[in-house]
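Working notes for the structure below.
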Amino acid sequence: MKKIIITVILLLMFGYAIFDLAKSEESDPSTKEELIDNDSASENNTSPDIKVGLEVGGDQAPDFQLQTLEEENARLSDYRGQRVMLNFWATWCPPCRAEMPDMEKFYQTKDVAILAVNLVETEANLQDVDDFVEEFGLSFSILLDENNSTATKYQIRPIPSSYMIDSNGIIRYIAYGPLNYETMESQFEKMQ
């Protein structure tokens, strides 16, 4: 009799776990974003069955929309058809400061779109970002992740972190830490 009761309890727990998992997938915003991204993928001439995620070599980079320093909206999907370097950084970060001159050189010498996402919540104020851009003479796009939603989506832990994304929106390389010009260039050449 005890075995039957334990079996019934285990079956009920297993059934509830499956129900709870199915329910959470319905309401999980990342699942909805994947569907949105797959719909936009078909509009951008990529296969709708490409998985949106963070795996190198097979996943399409998750789309996002952020404002630039000039208060214009920019979406990653706007750059489909171009090779993109997506970089997460902050003004107070010494390795971020070290890689910025190489990023500017990379932007000036290669046909690459650089989206430098500043983690605004970590800054003392927005003026620090403007001053940083002016100090380093940066001419590529500076995007403002004001609530760290994009950094969370990309699971950013150390900064700087960079994603090299090919013209089809597929992640081809991830760097956790600063990059030098030679690494940027070699990874760029491997992408289509």
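The values are calculated or read from the model by the stated rules, or taken from the named source; none is laboratory data. Bear in mind the structure is a predicted one, so any value in this text is a computation, not a measurement. Note that each Cβ is placed from the backbone with ideal geometry, even for glycine, and that neighbours are counted across all protein chains shown. Calculation scope for accessible area: heavy atoms of the full protein, side chains included, ligands and nucleic acids excluded. Shrake-Rupley method; radii C 1.70, N 1.55, O 1.52, S 1.80 Å.
Restricting attention to the range 142-157 and to residues that are open to solvent by less than 40 Å² (accessible area, probe 1.4 Å) and not in a loop (DSSP other than H, G, I, E, B), the residue that is nearest to Phe88 (Cα to Cα) turns out to be Ala151.
One residue stands out among those in the range 72-87 that are in a loop (DSSP other than H, G, I, E, B) and of a type outside the set (Lys, Arg): the one that is most open to solvent (accessible area, probe 1.4 Å), which is Glu72. Selection of the range 158-192 for residues being buried (at least 18 other Cβ atoms within 10 Å of the Cβ), not in a loop (DSSP other than H, G, I, E, B) and not basic (Lys, Arg) yields Ser161, Ser162, Tyr163, Met164, Ile165, Ile170, Ile171, Tyr173, Ala175, Met184, Gln187, Phe188.
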